[in-house]
Amino acid sequence: MRQLRTGDRFLRGKTVRLISQTNEQLGLVSFESALTMAAKAGLDLVEMPSKADNPVCKIMDYGKFQFDEAKRQREARKSQAQPKVKEIKLHANIDDNDFQIKCRRIIEFLRRGDKVKLLLAYRGREMAHPEIGEAVLNRMLQAVEEFANIDSPPKRLGRSITTFLSAKSPQRKDKSKDKDKSKGKAPAADKPSASSASSEGDKQ
């Protein structure tokens, strides 16, 4: 799409299909007539992308069009940059196949740049043995720890435990240096677990 001027050598002397500033189809007119009509309206004549035999031109405010287009592209980039929050729900009695499916989905979401809300929900009498659900949640956190950061420690609220995950930033490591640094270093602190969330919830 380009703004056309009087001396445009590609369209001078040709017939164009003209569209008005109100999107009215004005039919076939000479290029010079189209320029005159645009000038009388105090607007620009712009060639539109088209596969038609005759060039398609539209009368418009080209400066405003460029401003609106740039604004639309900025908003599109902004919306793409904002990560979405995907929820994955677990249960204490989840089977191995379902566990693996949910694990792969979490990794897929994280690789796409989305965040994940991991929710363990207790059903019926499962609350009588909350440690079973806590073990499932901890198992999932361990399964995805290579790809996920724990943004908030697991928190128990009513009959559920919730935690939020985000993707780890890719880092290049020198393995030989890591081995040297690991010698004589104190063990790392334990990661937040569902059991600690459970005890906090029981105190409330």
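Of note:
- Lysine pairs in the range 2-78 whose alpha-carbon atoms fall under 26 angstrom of each other, counting only those eight or more residues apart or on distinct chains, come to 8.
- In plain terms, the residue of D114, D95 with the fewest other Cβ atoms within 10 Å comes first and the most crowded comes last, giving D95, D114.
- Modelled spin labels at E24 and S160, positioned 7 Å past Cα toward Cβ, are 5.7 nm from each other.
- Ranked list, fewest to most other Cβ atoms within 10 Å of each Cβ, for R156, R123: R123, R156
- Full extension of the chain between E131 and E108 yields a length gain of 5.5 nm, computed as 0.36 nm times the residue separation minus the alpha carbon distance.
- Calculated P(r) tail over 18 Å for the range 1-156, as whole % of Cα pairs: 70
- Rounded to the nearest 20 debye, dipole of the range 2-78 from Cβ charges on Lys, Arg, Asp, Glu: 320
- Additional length obtainable on full extension of the chain from I101 to V56, 0.36 nm per residue less Cα span: 11.0 nm
- For the range 2-78, the convex hull drawn through the C-alpha positions has a volume of 102 cubic angstrom per residue.
- Potential extension, N149-R74 segment - 0.36 nm per residue separation minus Cα distance: 24.1 nm
Taken together, the values in this text are just the output of simple stated rules run on the coordinates, not laboratory data. Nothing here was measured: the structure is a model prediction, and the numbers come from that model. We place every Cβ from the backbone using ideal geometry, glycine too, and count neighbours over all the protein chains shown.
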